[in-house]
Amino acid sequence: MAILPILTVPNPILKEISKPVEAVTDEIRKLMDDMLDTMYAAPGIGLAAVQVGVPINVIVMDLAREGEPPAPKYFVNPEILEIVDDLKPYDEGCLSVPDIYDTVERPERVKITYLDYNGKSVTEWAEGLYAVCIQHEMDHLKGIVFIDYLSRLKRARAVKKVVKFEKFKAAG
Ligand code: ZN
C-alpha cells in the first residue's frame, strides 16, 4: 500500500470526465487500497480516483466516526438510480480544496448502484452523510468540485487560497 499525492485545484485533471472500469481486477483493488491509505492519511472521509490523477470511476469512503472501527467502502462504476428531491444543506470540504469549507445543497437521499471491492453489484439507498459524500465524490467523476457550486467570487477566492497554501507547503 502507498500514499499517493492528492491533486488540488486548479489542476486541470480534476476537470476530466472519468471513464468506466471494465472489471474489478487486482490492479483496481491495488489502486483502491492505495486510495484508502491516502484518504486515511490526509485525513478525509471520501476520495475519487481522479483526485490521485487516475480518471476512472472509482471511489473510496469511510464514514466511521472517531472511536469507531474503520468501515471502508469501495465504489466502482457508481450510478445514481433515484433521487429524493428534498434538498439539504451541508458544510462540505474536499481534499482537493484543502482548508476550505462551504455549504452545498444536495438531495437528501439517493439510490445508488455500484460494484464493490470484490466486483459484486450492490444497490442501496444512501442518506445523511452517506448521501452527501457519495454525491460529492460522484461529482468528481464528472469533473465537478464542490466549489463549482459556489458563487464565482467565492470560488476564485478558494482557488487563490489553495494555490497560496500549496506554494507554502512546497517551500517547506
Ligand atoms: Zn472532493
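The values are calculated or read from the model by the stated rules, or taken from the named source; none is laboratory data. None of the values given here were measured: they were computed from a predicted structure. Every residue, glycine as well, gets a Cβ built from its backbone with ideal geometry; the counts of neighbours run over all protein chains shown. Each accessible area value is taken on the protein alone, full model and side chains, heavy atoms only, with ligands, DNA and RNA left out. Shrake-Rupley method; radii C 1.70, N 1.55, O 1.52, S 1.80 Å.
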Checklist line | Positive-end residue of His136, Ala42, Ala156, charge dipole of segment 12-171 with Cβ unit charges | finding: Ala156
Next item on the list: For segment 12-171, restrict the atom set to alpha-carbon positions and state the Rg and Dmax in Å.
Entry: 15.5, 46
Notebook entry, point to check: For segment 27-97, what log10 I(q)/I(0) values come out of the Debye formula at q = 0.19, 0.22 1/Å, with one point per alpha carbon and no solvent?
Noted result: -0.87, -1.07
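For Glu79, Glu22, give the ranking by accessible area with the largest first, probe 1.4 Å.
Values: Glu79 105, Glu22 190 Å².
Largest accessible area first, the residues go Glu22, Glu79.
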Item checked: Only Lys, Arg (+1) and Asp, Glu (-1) charged, at Cβ; segment 68-154 dipole about Cα centre in debye -> 220
Check: For segment 48-172, what's the relative contact order in percent, using C-alpha pairs closer than 8 Å and at least 6 residues apart?
Finding: 21
Next item on the list: Excluding residues on the same chain fewer than 8 positions from Lys167, give the aspartates and glutamates whose Cα lies under 16 Å from its Cα.
Entry: Asp99
Next item on the list: Would you work out the charge dipole size for the chain about its Cα centre, treating the Cβ of every Lys and Arg as +1 and the Cβ of every Asp and Glu as -1, and quote it to the nearest 20 debye?
Entry: 880
Notebook entry, point to check: Counting only protein heavy atoms and using a 1.4 Å probe, what share of the accessible area of segment 1-52 belongs to carbon plus sulfur, as a whole percent?
Noted result: 61
Next item on the list: Using the heavy atoms of the protein chains and a 1.4 angstrom probe, tell me the accessible area per residue for the chain in square angstrom.
Entry: 56
Notebook entry, point to check: Of the cross-linked pairs Lys15/Lys169; Lys30/Lys73; Lys15/Lys120; Lys88/Lys111; Lys30/Lys111, which ones have a Cα-Cα span greater than 18 Å in the structure shown?
Noted result: Lys15/Lys169; Lys15/Lys120; Lys30/Lys111
